[in-house]
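Worksheet: one structure, shown below.
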Amino acid sequence: MVDEEEWAENETIFIGEKFCTLKAAENSALLKVFSYIELRYNIEVRDVSFGKILVLNGICRDLFNSINVLVGKLTVVLYGLEDALRILGKLHDSYARDSNRYLVQFTECVEELKDESIKEYKTICGKFTLLKDEAQCLYKSTCCKEEVSFSCKIDSSTVPMQNE
């Protein structure tokens, strides 16, 4: 099996106007990068030896690999956040539906209790009216001819009205 470094030294490619090995092309590219740094940032890098360039090349590769690993991890985190947001959205929708359902059930229960309360109130008023009539009859028959007044009315201010 051919080693990658051996292959890069022996494999020739065409760059620009000439054929050269991959290793030479890589070194040429690094020298071009240093030239660019010199021109762009006005920094002297002439004292960097060829060996140091190779070391820097290895450091750059490690840095790029670390960046790629970090990008992979950040991608996983991003997908995790998207999943969490999707789950929270579903929980919110479920909670909204459930709370609306419970609110409707509670309102129906309150309306039912109100109706039953009004019915009981009317029943009690009817019983008091009967008792009043009996009391008036007894009162008239015994001594006086005056009427006893009693009214049993539902006060609309104390009974909650149904909102339409």
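Report whether or not Cys152 is more than 44 Å from the chain's Cα centre (by Cα), modelled with pLDDT under 85 and surrounded by 10 or more Cβ atoms within 10 Å (Cβ to Cβ). Yes: the conditions hold for Cys152.
Scanning region 23-55 for residues that are more than 50 Å from the chain's Cα centre (by Cα) and of a type in the set (Ser, Thr, Tyr), we see that the one that is modelled with the highest pLDDT is Ser28. Figure legend. Inter-residue proximity from region 128-152: first residues under 20 Å from Ile118 (Cα atoms), second residues in a loop (DSSP other than H, G, I, E, B) and at pLDDT below 80, beta-carbon distance below 7 Å, spacing 6+ or different chains. Indicated pairs: Phe128/Phe150; Phe128/Cys152; Thr129/Cys152.
Confirm whether Ile87 is in a helix (DSSP H, G or I), at pLDDT 90 or above and surrounded by 10 or more Cβ atoms within 10 Å (Cβ to Cβ). So Ile87 fits the description; yes.
The values are calculated or read from the model by the stated rules, or taken from the named source; none is laboratory data. Keep in mind it's a predicted model, so treat the numbers as computed, not measured. Counting neighbours? That spans all protein chains shown, and the Cβs are built from the backbone with ideal geometry, glycine included.
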